[in-house]
Amino acid sequence: GPKVLQIPSHQIIDMGQMVTLNCDPVSNHLYFYWYKQILGQQMEFLVNFYNGKVMEKSKLFKDQFSVERPDGSYFTLKIQPTALEDSAVYFCASSLQGSDYTFGSGTRLLVI
Amino acid sequence: AQSVTQPDARVTVSEGASLQLRCKYSYSGTPYLFWYVQYPRQGLQLLLKYYSGDPVVQGVNGFEAEFIKSNSSFHLRKASVHWSDSAVYFCAVSADSGGSNYKLTFGKGTLLTVTP
């Protein structure tokens with residue numbers, strides 16, 4: 001079936017640097033999401049995005065985080081500057097409507 | 001706000017045995033309920049979902065779940081497990097409000113180990 005692609009699959013970055021996580025959603029989907037999963041724990045909602053706007057963000061979505069999808073290209077999550085506690089797996093998801101998500105395989109981010 | 005409780009962090013069953021993974025949710029409205037499976041180093045794959053209608057929903061690979069409103073539960077079941085079912089299983093709830101907010105709230109997951 002259709003897939004959500006996440007690039008890169010792994011990223012190691014020095015604390016304080018900027019990182020951009022890229023997500024290529026399913027082509028006709030309209031809603032986009034980022035979730036964060038710390039090793040061995042549950043997935044936690046970060047943000048959802050629709051019609052070019054952030055619809056809702058959680059308390060985990062710090063001021064250092066931002067999302068955008070310029071001109072229908074990648075849906076990106078940018079963290080600037082990064083902190084040690086940002087180390088996690090970040091999952092992108094998209095849906096056409098409702099909660100029928102398609103998840104990507106995740107980007108494993110390690111901040112050192 | 002919605003929440004999900006999966007009381008069993010780990011479950012071990014023998015291959016061929018039956019399985020039940022427990023899930024209870026908290027939400028004041030009508031919930032949309034999901035079970036996902038996560039294999040190592042992979043994303044989530046949808047097993048089944050409940051929106052409305054028949055409270056027993058069938059999913060992929062022989063999984064089913066039953067929505068019991070009076071108990072706020074949505075337990076996952078399988079009649080006979082296979083070693084390849086070993087994975088982490090997440091229960092999730094969505095409070096679709098008719099707006100543009102379709103976020104999922106997940107439980108902490110249950111690690112299923114199927115032994116020979």
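The values are calculated or read from the model by the stated rules, or taken from the named source; none is laboratory data. Please read these numbers as outputs of a predicted model, since none were measured by experiment. When we count neighbours, we look across all protein chains shown, and the Cβ atoms used for this are built from the backbone with ideal geometry, even at glycine. Heavy atoms of the whole protein, side chains included, go into the accessibility calculation; ligands, DNA and RNA do not. Shrake-Rupley method; radii C 1.70, N 1.55, O 1.52, S 1.80 Å.
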Value of relative contact order over segment A:5-111, rounded to a whole percent, pairs C-alpha under 8 Å and six or more apart: 38
Test of the criteria: in segment A:28-76, which trypsin sites (Lys or Arg not before Pro) are in a DSSP loop and have at most 16 other Cβ atoms within 10 angstrom of their Cβ? A:59, A:62
Explain nothing, just compute: Karplus ³J(HN,Hα) = 6.51 cos²θ - 1.76 cosθ + 1.60, θ = phi - 60°, for every residue of segment B:50-66 in order, whole Hz, x for Gly and Pro. 10, 10, 6, x, 3, x, 9, 10, 9, x, 7, 6, x, 7, 9, 9, 10
Loop sites in segment B:31-116: trypsin sites (Lys or Arg not before Pro), DSSP, at most 13 other Cβ within 10 Å: B:41
Accessible surface of the protein assembly as shown, 1.4 Å probe, proportion on carbon and sulfur as whole %: 50
Are any of the pairs A:3/B:78; B:49/B:78; A:53/B:103; A:36/B:103 more than 21 Å apart by Cα-Cα distance, and if so, which? A:3/B:78
Using a 1.4 Å probe on protein heavy atoms only, how many Å² of accessible area do B and A hide from each other, summed over both chains and rounded to 100? 1800
In Å, the C-alpha Rg and Dmax of segment B:3-115 are 13.6, 45
Where a Cα-Cα gap under 17 Å defines reach, which aspartates and glutamates qualify for residue B:108, not counting those fewer than 8 residues away within the same chain? A:44, B:8
Within 9 Å, Cβ to Cβ, of residue B:63, how many net charges do the neighbouring residues add up to if Lys/Arg are +1 and Asp/Glu are -1? 0
Accessible area per residue for segment B:1-86 in Å², computed with a 1.4 Å probe and the full protein assembly in place, what is it? 53
